[in-house]
1. When residues of the range 185-213 are filtered for being out of contact with any helix residue (DSSP H, G or I) (no Cβ under 9 Å at 6 or more places or on another chain) and either buried (at least 22 other Cβ atoms within 10 Å of the Cβ) or outside any helix (DSSP H, G or I) (or both), how many remain?
2. Hey, among the residues in the range 34-58 that are touching a strand residue (DSSP E or B) at 6+ places or on another chain (Cβ under 9 Å) and in a helix (DSSP H, G or I), which one's nearest to residue 139 (Cα to Cα)?
3. List the number of the failed condition for residue 287; all other conditions in (1) part of a loop (DSSP other than H, G, I, E, B); (2) at pLDDT 95 or above; (3) farther than 30 Å from residue 330 by Cα hold.
4. Inspect all residues belonging to the range 214-226 and state whether any of them is touching a strand residue (DSSP E or B) at 6+ places or on another chain (Cβ under 9 Å), in a strand (DSSP E or B), closer than 18 Å to residue 39 by Cβ and at pLDDT 95 or above.
5. Only one residue in 188, 196, 184 is out of contact with any strand residue (DSSP E or B) (no Cβ under 8 Å at 6 or more places or on another chain) and at negative phi, so which one is that?
6. Any residue in the range 349-360 that is free of Cβ contacts under 8 Å to residues at least 24 places away in the same chain sitting within a Cβ distance under 8 Å of a residue that is surrounded by 13 or more Cβ atoms within 10 Å (Cβ to Cβ) and not in a helix (DSSP H, G or I)? List the pairs, counting only those 6 or more apart or interchain.
7. Return the residue satisfying two criteria in turn: it lies in the range 230-256 and is part of a loop (DSSP other than H, G, I, E, B) and buried (at least 22 other Cβ atoms within 10 Å of the Cβ), and of such residues it is farthest from the chain's Cα centre (by Cα).
8. Suppose we filter 305, 299 for residues that are in contact with a strand residue (DSSP E or B) (Cβ under 6 Å, 6 or more places away or on another chain), closer than 28 Å to residue 229 by Cα and touching a residue at least 60 places away in the same chain (Cβ under 8 Å); which single one remains?
């Protein structure tokens, strides 16, 4: 019986991956078709979002830091999305990581399956999330692994080494990418803390929650699609994680929900995209919005994105700073651990725009039941 489950799990991944190579104009697979009410909400406007220069902040210039913090605050109160330049991340390194990402997804399926996701895990290669869902599948392939801030340097490298020694260089390059992104993520937490006015005894409050982070890193590949008007690369959702740092190619496709409409994001060659996630919404006591976004696909060019999802250690208790709660006069969300939230998104609920609210109800119900 167990063997049958494993076979079925693998078959779904293989079937989904093969569809990308065998699509025709005559037939489009039903499991990738999204509801008309989602598809009818087309994006016709460009998002005029803030592109924030971090150079002054990273060099500890007080005036530049306050300016950047004010821009961050404005964006996070409105929609939870902004882009950053002069972020300290080596652009040549990003281009090299992107090159290795493209090379991975061009591999034969038999090679990619050497690191396929195991049932119940978020780590490894997957196609369209077919191993988790039966409908509304995203038109993408993904490669996911974990980055342990305080773990051995070779954790990510070993992930690729498991595929074979020929992938050692890829592993080392992604390891460097993870270290760099983790540093930027912690710096951004400091900037968010300043923007929220958290100070005094709570200095570095957020950074301390992530001093032993176990983050999620993902490489997304969106193949060309013959019927882009029937599906999404990723459907509308908010990231349940804390912060999302994304490096994308210049193909475009990312869209953000702002002012009750979908707006397209224009890629900037040297910029990194920053999304506020559900976890930070809770940590800000609801002041900052989790970014509602989606990804469209096209019939002309594949798209690749590199994503670093900042996550705390699974058993770390998460709660908003007490001074924010006192200023607001109300605690918006119960204390929780990332392990509880991750379990909810993997076993109870598919991430969408209501994940945090539904998780809160689920958590309170669970705790009352166990009391």
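The values are calculated or read from the model by the stated rules, or taken from the named source; none is laboratory data. The structure presented is a predicted model; accordingly, all values stated were derived computationally and were not measured. Because the Cβ atoms are built from the backbone with ideal geometry, glycine has one as well, and the counts that use them run over all protein chains shown.
1. Within the range 185-213, the first condition is being out of contact with any helix residue (DSSP H, G or I) (no Cβ under 9 Å at 6 or more places or on another chain), and the residues that meet it are 185, 208, 212.
Okay, now just the ones that are also either buried (at least 22 other Cβ atoms within 10 Å of the Cβ) or outside any helix (DSSP H, G or I) (or both), so 185, 212.
Count: 2.
2. Within the range 34-58, the subset touching a strand residue (DSSP E or B) at 6+ places or on another chain (Cβ under 9 Å) is 34, 38, 41-55.
Remaining after also requiring in a helix (DSSP H, G or I): 38, 55.
On the way: 38: 15, 55: 36 Å.
Only one residue fits best here, namely 38.
3. (3)
4. Yes, because at least one residue in the range 214-226 is touching a strand residue (DSSP E or B) at 6+ places or on another chain (Cβ under 9 Å), in a strand (DSSP E or B), closer than 18 Å to residue 39 by Cβ and at pLDDT 95 or above.
5. The unique qualifying residue is 196.
6. Between residues of the range 349-360 that are free of Cβ contacts under 8 Å to residues at least 24 places away in the same chain and residues that are surrounded by 13 or more Cβ atoms within 10 Å (Cβ to Cβ) and not in a helix (DSSP H, G or I), the close pairs are 358/349.
7. That would be 231.
8. Details: 299 fails: in contact with a strand residue (DSSP E or B) (Cβ under 6 Å, 6 or more places away or on another chain).
Going through 305, 299 in turn, the sole match is 305.
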